[in-house]
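Below: one structure, written as structure tokens.
What follows is calculated from the coordinates using simple rules that are stated; it is not laboratory data. What you are looking at is a predicted structure, and each value in this text was computed from that prediction instead of being measured. All Cβ positions, glycine included, derive from the backbone under ideal geometry; neighbour counts span all protein chains shown.
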Amino acid sequence: MVMESINPATEDLAEVFEELTDDQLERALEAAHEAFASWSRTSFAQRRQVLQQAAAHLRANAADYGALITREMGKPTKEAKGEVAKCAWVCDYYAENGERFLASDPVDSDASRSYVRYAPLGPVLAVMPWNFPFWQVFRAAVPTLMAGNPVLLKHASNVPACAAHIEAVFTEAGLAAGAFQNLAIGSGRVQGVIEDPRVRAVTLTGSEAAGRKVAAQAGTALKKTVLELGGSDPFIVLDDADIDEAARVAATARTINSGQSCIAAKRFIVVDAVADAFRDRFRAHLEGLVVGDPTEPGTDIGPQARGDLRDALHDQVTRSLQAGAEPVLGGHLPGGHGYYYPVTLLDRVAEGMAVADEETFGPVAPIIRVTDDDQAVAVANRSRYGLGGAVWSADRERAERLAQRLDVGAVFVNGMVKSDPRLPFGGVKASGYGRELGSYGIREFTNIQTVWIG
């Protein structure tokens, strides 16, 4: 089997990668096992140096890596460079803070001394998605490496070049052989890797379906998992919100990465009293965005990453219009080369429509009208997803009280949901479990070991 790197802006085949043979995969697993024996015993100072060198390498080559991301999955060039910069940030963050986060915690007990230590767990399989092909990998891998665990990357099959270059970043940074490896394999071979006794845990960022499958396989093998799955984040606008500012941020929150983000705002829940005003301002901001060639610096929205993804998005829009949603902007499948989809705004969307109930992965924004704060919360929480959410109000205390009622992993008041190395990231319900980033994320793949001394 081969993995093809296809430019979604032109539909041209850029590069072909061969899948690992069974023998090559076996050697990779054994190399990770051997690397654990040595990497787990390295000092925090040694691990810190590797991460700092990785950060420096990323910054020095940001333009090249950004161009690679743009070519392989269509991200606008200004966002692609920003993604590389964020990867450097997470390397520096854990280089600076990892040792402190993993310091032993003393506990009073009947012992002369007792404490909890955070010990390396072993090789971790990271099953990663295509939409942030560098950031998602670094977000998972960097704290895992700082904790003393090797990482085995199974990346999405449509970004094989990104996967290969990420492995090269860590090699250039001086990481021990076998401590980070790119497994160029198809999804059908993931179960065998999970079941291998040399692999101790699995982290996955991806779809709900993929998460359920991997969780079941890992559960059968009694292995720890962290799952960061889909989202249908509510963006709640109350009647006293700054409408223009809310609409401006909403346009960015819905269309970042061409709308292909799990934490993008996906349901715009607006109180009736300001719904018309918000719709009009939202439309104006969306119309100001430039859809086009992702290599051009002025482009805001590039193509969707694959043709089948664009077709699925258009199907959701079509079914919602047929169910009674009102078209405000976009909604038509364009012709020509490239997997482009227009910015689309739908009003008077109701629960039961595809764009309200399903996760939409593209620049499609539905407005759901509600009567008051309580209905806004009820509508937000009826989704099976629970990743992030935002609340907009001039009264911060009111907004904070409402935000705390949302059944999600992260709530933002008067701001856009985002991932930040300093804060734990993850969801509840069908959005997964466990946390990445912050002090909580680095402890997910450690043996939280009690030490009691008599």
Let me have the 222 nm mean residue ellipticity of the chain computed from DSSP H runs of 4+ only, each contributing -39500 (n - 2.57), with the sum over all residues rounded to the nearest 500. -13000 deg cm²/dmol
Using a Cα-Cα cut-off of under 20 Å, which lysines could be cross-linked to LYS224, ignoring same-chain neighbours fewer than 8 residues away? LYS154, LYS213, LYS429
Can you list the HN-Hα couplings for region 340-354, worked out from phi with the Karplus curve (6.51, -1.76, 1.60; θ = phi - 60°), rounded to whole Hz and with x for Gly and Pro? 7, 9, x, 4, 10, 10, 10, 10, 6, 7, 10, 4, x, 7, 4
Value in Å of the Kirkwood radius, where region 233-420 supplies the Cα pairs that are averaged: 16.3 Å
Per-residue ³J(HN,Hα) for region 252-265, Karplus 6.51 cos²θ - 1.76 cosθ + 1.60, θ = phi - 60°, Hz, x for Gly and Pro: 5, 4, 7, 10, 4, 6, 6, x, 9, 9, 5, 9, 5, 5
C-alpha center-to-center spacing [region 209-279, region 3-38] in angstrom: 31 Å
Taking R0 as 41 Å and r as the Cβ-Cβ distance between THR252 and GLU351, the FRET efficiency 1/(1 + (r/R0)^6), rounded to the nearest 0.05, comes to 0.95
Compute, for the chain, the length of the dipole vector about the Cα centre, with Cβ point charges of +1 (Lys, Arg) and -1 (Asp, Glu) only. Units Debye, rounded to 20. 1040 debye
Filtered GluC sites (Glu not before Pro), region 1-42: DSSP coil and at most 16 other beta carbons within 10 Å: GLU11, GLU19
Within region 371-450, which trypsin sites (Lys or Arg not before Pro) sit in a loop by DSSP and count at most 14 neighbouring Cβ atoms inside 10 Å? ARG382, ARG384, ARG422
Distant alpha-carbon pairs in the chain (separation over 35 angstrom), percent: 32 percent
Computed ³J(HN,Hα) along region 397-414: with the Karplus parameters 6.51/-1.76/1.60, θ = phi - 60°, integer Hz and x for glycine or proline, the list is 5, 4, 5, 5, 4, 5, 4, 5, 8, 7, 8, 9, x, 8, 10, 10, 9, 6
Between ALA312 and ALA14, how high is the FRET efficiency from 1/(1 + (r/R0)^6) when r is the Cβ-Cβ distance and R₀ = 25 Å? Nearest 0.05. 0.60
Modelled label-to-label distance, VAL116 and ASP407, 7 Å Cα→beta-carbon offset: nm? 2.8 nm
Which far-off residues, 5 or more places away or on another chain, put their amide H under 5 Å from the one on GLN304, with H placed in the peptide plane? TYR339, TYR340, TYR341
Between VAL290 and ALA67, with labels modelled 7 Å along Cα→Cβ, what's the label distance in nm to one decimal, could you check? 1.9 nm
So the angle from the long Cα axis of helix 160-172 to the longest Cα principal axis of the chain, reported in degrees to the nearest 10, equals 40 degrees
With the dipole of the chain defined by +1 on each Lys or Arg Cβ and -1 on each Asp or Glu Cβ, the option from ALA103, LEU333, GLY66 whose Cα lies farthest towards the positive pole is ALA103
